[in-house]
Structure formats: structure tokens, C-alpha cells
Amino acid sequence: MARYKDVSWQRDFSGMETRPDLLESDDVELRGKSLRSARNMRSLATRIVEARPGSYYIKDVPGARQLHELLTADGDSFGLLLTDDDLQIIDYTGAVTFSVTGPWATADNLWVVPFRDRVIIGDPVTGIYLLEYNGTSWAFGDFVFAEGAGGSTLQPYWSFRPGSRIRPSARTGAITINTTSNVFRPAHVGQRITYGGREITITGYTDGNNVSGTVVSTLPPSFFIDVPSTAEFRVGDIVIGQDTNFNGLIESIASATRLNVLTREFFNGPNVGEKLSGPSTTATISAVGSIPPVGSTFWQEQLMSDERGYPRSAASAGGRLVLVDFPDVPDLIVTSSTRSLCDFKTGVEDDDAIMRQEGENSPRFRHAISAGDLLLFSDRGCYYVPLRDGALLTPLTFNAVLFDRRGCSSVRPVQVDDGVVFIEASNETVSAALLDGNVYLKWSVRALTTFCHDLIRNPLALCGPALTSPNAEKYLFVVNADGTM
């Protein structure tokens, strides 16, 4: 006689995964509606269990502070793990494919900007680094600025002491540099400064007023220029020769008829007999002669160095690397040129780098996020730089527009599908910068936690959805200082 086995298929898993002690219990009904084991699952409103899209558990990494997804040019996907001790690259199985000791003291404040096979990593204390993929392996090292003409470095420079003057002893070779005020520190040794736009490498420190250096490329010459009267000329005026297009900066007025000028353009100097024009007057030159380098306020230091610190935030926008939150110049925004991520040569051409102080009442731009437009979150308001609808990011079109006066805290914002979520400066409210409008879209800020303030307690971090996942869940996690989430 044939025997038949009656099979009853389980279709109800509303109890989700069972705890180990429940497996030994006599509660047959609950156990029958549960999963003995489950990975990355969720229960829907219809009581059906399905796999959760988006991220899933791969491995435990003790001390991990940050995780970033890297997509290379050939389509490979890697994970970048940052700890206080090292940097790790893992594949989709969790296997470590590259590891290097991190030069930073803590990974909490690191920022990461991926450009496919090149990843820029910045630490506000120790500097900027480059992680690069060649198709088969990874390499890690210092971020090196592009080289310009005459051995110059295409890095950003800034005038931190605009009223002080420096005087080099010569235009070439090994020189000494004297200043009118106490501006130099031992940390300046090894760094570069500019005099008249030309670079000098500091090689030795004597005191705050005196250092030694080596000229990278010949410094601009200084001239005395005699005119009938210097009464209408002023120290700091820019003067231009009518015939030679000589361009110089008046550094001192030696007498009633003599100007001491530092050359800005045309190193041969002006011609006798040509007209010299300034902001207030024009005079005919009666005599010209070379003089030793004059003391000048036309000098700058490296914007980023161990002495001045490094940017605390960065982003990518319009094919440029955008740097913000400089310790000594909080309202400064700097972008690389479109020629290279390592090229920060400023100018007026469309592909030149940009250096601009923006905002009202000197805000500190804490964060930069590329979300269609370039969003800039400061402690005194939210700004955007237009990039939508085909707008180009150039030195002439760059303009930061204030769209909300609510400030942002130091917690790093996260990008979501429709905008950017951030913690307000009060550190009590989670808000979102969103594009609103029926005909014309404009940025606005909307508070997300108005009716649940009790859940937000001194937040330390935000974690948003994976934007690169095709089915990412729309969950946002807020990590509080008390350990709750």
C-alpha cells in the first residue's frame, strides 16, 4: 500500500528571527511563526518577511570610525575603513586588500572626497593625502601640488599679516629675509612664502623677524622712478607705464620727486619719458634705476601648512576639489582648477582655481556638500553656489547665495535623495536643506525633529542612506552623545 507524506508549508514569518532560548520553549504557535535564523531581513506591514536592501553586515572592525564606498573607473566596488591606527581597503567579501598605518592621531575628524580612482583624504592637523588605484593595487601618500613654471608650486597662498613688510637681501640664491613685525615661527622652516608673486623656500629660523631662505625663481626687481612731483602718489598705489605696460606697487616715497616701486609685471622696468599712471594722477618719468629689493607688504604664506593648519571639510563640485573651514580664515572657500585636482593657480580664466571670502558677518563655513548645487553650511547660515541648469563654476560666476540664516553644528551633514540633512548650531534640532517649488526650484530649510526633541540629545554623528544603492532604504540614524541612536 502506497504511503503519502502530508507536507505543511510555513508561510507566516511575522515573528521574525527567534532568540536561542525561544527554540527550547513550548510556545509552539510563536515558534511556528518565527524564523530560526535570518540575515538583514525586515517584516512588512502585510506580515511578510523580505530581505532588506542597502547595506548588510560583513565583518567587525574594532576601532572603525568611518566607512566609505569607493567605485573605481573599471566598475569595481571597495570599502574604505578608517580607524585611529590605520586605513584599510576591503572588497565585497570583507577581505582586506590594502592596509597602511594612518599618519593621523584620530580618524573622527577626517574628510574623504572620492574621484573614482583617486581619493582625497584630509586631516585638519596633519595634512592632506592621496589614495590612488591603478587598476590592480592601491597606493597611499601625501597630496602633492602641481608644479608650475620655474619650479614654483601651484598651491594656494594667503596674506595672514597684511600690514607687515618683508625685505629679502637679494633676488636670487641663498638670502636672508627681514620683517617689520614678529611673524615667523620655527614651523615655517621648509615652507614657502611669496614676495611679489615669486616663491622663496624658508631654510632657517633666527627669530620672529629674521629667517633665511632660497629663492625658487628670480624675485621681481625694484626701481626708483623720478617724476616731477610725488604729491598725488600714495604708498600702496598700483602704477602702470603707458608704453611698456610696466606694472608696479609703490612701496615708499623717497622724496618729493622719487618713488620706490616693486615690479609686478614687466621686469625690465619703465622707460624714461613715458607716462606713469596711478589711481590719482599721471606723470612723465624723468629717470629710472634699479635698487636693492624694497620692503613690501606684497607677500604671502602657504594657506595650508603645519603652522597654519589644514581645511576641516571638503567636497567635489564642477570637476573641482572644494576646501573650506580653514582655521585662520573661516569664511574662505578654495577650489582647485579644472585642469587638475592638484592645481590651485588662481586667475580670471574659466579653468583657473578660485579663492573667495564669502558670506555675511564673516561666517565659518563648516561643511561643503555637492547636491546639484554646491551647498555651504556655516555657523551663521546656509548658502548655495548655483550649479544646476548648466551653470558653470568659474572665477567670474562664483557666488555664494544665502538661503537660510539657521547655522550648522560641527557634525558632518549627510546627503539624501532630495537634499542634505544637518544638525543646527543649537545642537538640538535635525533639519534638512531641500529643493522646493512648483515652477522654479529653490533651496529651503525644514526642521525634521520639531515634535520629537526628546530623541535628540547632543548628537555626535549622522548616518544616511547609501545613495549608490538602487534600492536603499530611506532611514536616517542620529547618534547621541549618551550612546543612544
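The values are calculated or read from the model by the stated rules, or taken from the named source; none is laboratory data. Quantities reported herein were computed from a predicted structural model and do not represent experimental measurements. Don't worry about glycine lacking a Cβ; one is built from the backbone with ideal geometry, like all the others, and counts go over all protein chains shown. The area values use the complete protein model at the heavy-atom level, side chains included, leaving out ligands, DNA and RNA. Shrake-Rupley method; radii C 1.70, N 1.55, O 1.52, S 1.80 Å.
Mind checking which aspartates and glutamates have their C-alpha under 13 Å from Lys474, skipping anything on the same chain fewer than 8 residues away?
Qualifying aspartates and glutamates at Cα under 13 Å: Asp417, Asp418.
How charged is the neighbourhood of Asp350? Take every other residue with its Cβ under 12 Å from the Cβ of Asp350, and add Lys/Arg as +1 and Asp/Glu as -1.
Here the charged neighbours net out to -1.
Rounded to the nearest 0.05, what FRET efficiency do Val401 and Asp379 have when you use their Cβ-Cβ distance and R0 = 22 Å?
The formula returns an efficiency of 0.80 here.
What's the FRET efficiency of Ser340 with Arg457 using the Cβ-Cβ distance as r and R₀ = 45 Å, to the nearest 0.05?
Efficiency, rounded to the nearest 0.05: 0.50.
Counting Lys +1, Arg +1, Asp -1, Glu -1, what net charge surrounds Thr394 among other residues with beta carbon under 12 Å of its beta carbon?
-2
If you average the C-alpha positions of the range 409-485 and of the range 111-177 separately, how far apart do those two centres end up, in angstrom?
Here the two parts' Cα centres lie 34 Å apart.
If you scale each eigenvalue of the Cα gyration tensor by 5 and take the root, what three semi-axes come out for the range 195-244, rounded to whole angstrom and sorted largest first?
In descending order, the three semi-axes are 32, 15, 9 Å.
More than 18 Å apart: what percent of Cα pairs in the range 71-228 qualify?
Within the range 71-228, distances greater than 18 Å cover 68 percent of Cα pairs.
Based on alpha-carbon centroids, what's the gap between the range 351-392 and the range 237-258 in Å, whole number please?
Centre-to-centre distance over Cα atoms comes out at 38 Å.
Aspartates and glutamates near Lys59 by alpha-carbon distance under 13 Å, same-chain residues fewer than 8 away left out - which ones?
Asp91
According to the square roots a ≥ b ≥ c of the eigenvalues of the Cα gyration tensor, what is the shape class of the range 399-485, taking rounded for a/c under 1.5, prolate for a/b larger than b/c otherwise, and oblate for the remainder?
It comes out oblate by the Cα gyration axes.
Compute, for Thr214, the solvent-accessible surface of its heavy atoms (probe 1.4 Å) with the complete set of protein chains present, and express it in square angstrom to the nearest 10.
60 Å²
Need the full-extension length gain, Asp350 to Ala170, defined as separation in residues times 0.36 nm minus the C-alpha distance. One decimal, nm.
So the chain would gain 61.2 nm between Asp350 and Ala170.
Any idea which of Tyr57, Ala73, Phe143 is furthest toward the positive side of the dipole for the chain, if Lys and Arg beta-carbons carry +1 and Asp and Glu beta-carbons -1?
Towards the positive end, the residue furthest out is Phe143.
What figure in square angstrom, to the nearest 10, would you give for the accessible area of Ser212 with a 1.4 Å probe?
Result for Ser212: roughly 40 Å² accessible.
Once you have the Kirkwood Rh of the range 212-349 from its Cα pairs, apply Stokes-Einstein at 20 °C and 1.002 mPa s and quote D in µm²/s.
Estimated diffusion coefficient is 122 µm²/s.
Would you list, by chain and number, the aspartates and glutamates whose Cα falls below 17 Å from the Cα of Lys275, excluding same-chain residues fewer than 8 positions away?
Counting by Cα, and skipping residues close in sequence, Lys275 has these aspartates and glutamates nearby: Asp226, Glu232, Asp237, Asp243, Glu265.
Per residue, how much accessible area does the range 76-206 have with a 1.4 Å probe, in Å²?
Ligands and nucleic acids excluded, the result is 44 Å² per residue.
Return the ratio Rg/(2.2 N^0.38 Å) for the range 154-259, where Rg is computed over Cα atoms only.
1.20
With a ≥ b ≥ c the root eigenvalues of the C-alpha gyration tensor of the chain, is it rounded (a/c under 1.5), prolate (a/b larger than b/c) or oblate?
prolate
Does the range 52-126 classify as rounded, prolate or oblate by the C-alpha gyration tensor (a ≥ b ≥ c root eigenvalues; a/c under 1.5 gives rounded; else a/b over b/c gives prolate, otherwise oblate)?
oblate
How large is the accessible surface of Glu147 in square angstrom, using a 1.4 angstrom probe and rounding to the nearest 10?
Around 140 Å² of this residue is reachable by solvent.
When only C-alpha pairs under 8 Å and at least 6 residues apart count, what is the relative contact order of the chain, in percent?
With pairs under 8 Å counted, the relative contact order is 8 percent.
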